[in-house]
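The values are calculated or read from the model by the stated rules, or taken from the named source; none is laboratory data. These figures come from a predicted structure and were not determined experimentally. Using ideal geometry, Cβ is built from the backbone for each residue, glycine included, and neighbour counts are taken over all protein chains shown. Ligands, DNA and RNA are stripped out before the accessible areas are found, and what is left, the full protein with its side chains, is counted by its heavy atoms. Shrake-Rupley method; radii C 1.70, N 1.55, O 1.52, S 1.80 Å.
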Amino acid sequence: MIIDMSKYLFNGDVIDISKDNYNIIYNVIKYAEDEISIDYIEEEYDLPKDNKFNSCVCFLTIGKINTTRGKEKILKKASKFLREDGYIYLWDVLKEKRESLQIPIKVLMPNNEIKLINYTNKNIFCENKERDFKSIVDKYFEIEETKISEKIIFIKAKMKGTKKDENIINSN
């Protein structure tokens, strides 16, 4: 399986909420022409308190969470620290129940380097289908792009509505 990150550019400040730190996003961003800031979230208490980020990246993380509720919780938190015009970028692996995965993934990097990742998800109760990823993302974001190649799914989505509108609704 191959993920091509060689021509991928993120705009503005980026937060990486990927669980396993493969250094993929950092290595992609360091080749950007503009100066871009990247922050990482490793534990729940690390979550930023404001919505200053332009982009949120989740690389091979959501699919390892067992429950739909747990997946939704992460995406809801991601929506809280993005700007009103912010985007989320999600890459993950599709998986059926009772399937155990241990697959090599080649990631094509901007400097023509290839990074190899050994992706493992041996939880036979975990299921990741395209429609499930889309329905979870769609609760908080407007999906603009979806690509599937082999078992890899990519979703690019923009924040839904505006936070100002939500504040007005919540204050009434």
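Averaging 1/r over each pair of different alpha-carbon atoms in region 123-163 and inverting the result gives 11.3 Å, the Kirkwood hydrodynamic radius. By the rule of a C-alpha distance below 25 Å, with chain neighbours fewer than 8 residues away ignored, the lysines paired with K122 are K19, K64, K71, K73, K95, K97, K106, K134, K147, K151. The GluC sites (Glu not before Pro) of region 78-126 that meet both conditions, a loop assignment by DSSP and at most 13 other Cβ atoms within 10 Å of the site Cβ, are E96, E113.
The length gained on full extension between N111 and K134, counted as 0.36 nm times the residue separation minus their Cα-Cα distance, comes to 5.2 nm. Of the trypsin sites (Lys or Arg not before Pro) found in region 48-140, those in coil by DSSP whose Cβ has at most 10 other Cβ atoms within 10 Å are K49, R98, K122. Among T67, T61, the order of accessible area from largest down is T67, T61, computed with a 1.4 Å probe on protein heavy atoms.
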